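Report on one structure; see the data block that follows.
Just so it is clear, none of the values below were taken in a lab; they were calculated from the coordinates. Because the structure is a prediction, the values reported are computed rather than measured. FYI the Cβ positions are ideal-geometry reconstructions off the backbone, even for glycines, and counts take in every protein chain you see.
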């Protein structure tokens, strides 16, 4: 939590909500703006509401009032050395907690968020730990990443390359529905089969776009997000056989 220059309190945390199943819960990574009476003035959540999200010890920070950063884990693991991969989601918001952009780091290992520190240049320094069960045994690496105010990667202390994207496609593997989560707008999602044939093309105008995939065959696919005929993001998606 941190006091904003307007004398309100900005809080970043994980919020737990109930579902239709009273024994199940979903979690949001949330930011709140509270007045001096602890009344909620504004709020914003990043990642989808799922059972396994988590925030680090310092999940929110800002240096200038209109550049507020928040991070958390999407698909957090319950063990220290899990056999699973996930993403770190990091968001930039304005002083009213309107989402400016949301980026996703990882997908190639298991990441556990630790802290974000806003920098004087308008960017942010993200620290977390990283574990890949295929190459490591009972050890986690420290992972440090610097993002500038335009949400580009400008330096990576630990690794020369980093897996940072503007969109995630899930569930993967999936079956009947493909969900695209991205802060990009006025773009198109395209899905191609292994022969390079276009099988789905849908516009993206919202933070979360669900797409019906019941009509396509099980197998391996590649996807693209297109902005003005330019490819913004690419990835792979698998439709399950059962």
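Below are the figures for this structure:
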{"read-out": "Residue 236 paired with residue 40, simple spin-label distance in nm, labels 7 Å along Cα-to-beta-carbon", "value": "4.0 nm"}
{"read-out": "Förster radius 51 Å - calculated FRET efficiency between residue 198 and residue 96, Cβ distance, rounded to 0.05", "value": "0.80"}
{"read-out": "For the range 160-209, alpha-carbon Rg relative to the globular expectation (2.2 N^0.38 Å, N residues)", "value": "1.26"}
{"read-out": "The range 167-239: equivalent-ellipsoid semi-axes (sqrt of 5 x gyration tensor eigenvalues, Cα, Å)", "value": "18, 14, 10"}
{"read-out": "Residues in the range 85-104 that a label on residue 148 would reach, taking backbone N under 19 Å of a point 7 Å out along Cα→Cβ", "value": "91-93, 101-104"}
{"read-out": "Residue 64 paired with residue 188, simple spin-label distance in nm, labels 7 Å along Cα-to-beta-carbon", "value": "3.6 nm"}
{"read-out": "Ranking of 60, 78 by count of other Cβ atoms within 10 Å, fewest first", "value": "78, 60"}
{"read-out": "Gain on full stretching of the segment that runs from residue 84 to residue 138 - 0.36 nm per residue minus C-alpha separation", "value": "18.0 nm"}
{"read-out": "Gain upon complete extension [residue 2, residue 228; 0.36 nm per residue less C-alpha separation]", "value": "77.4 nm"}
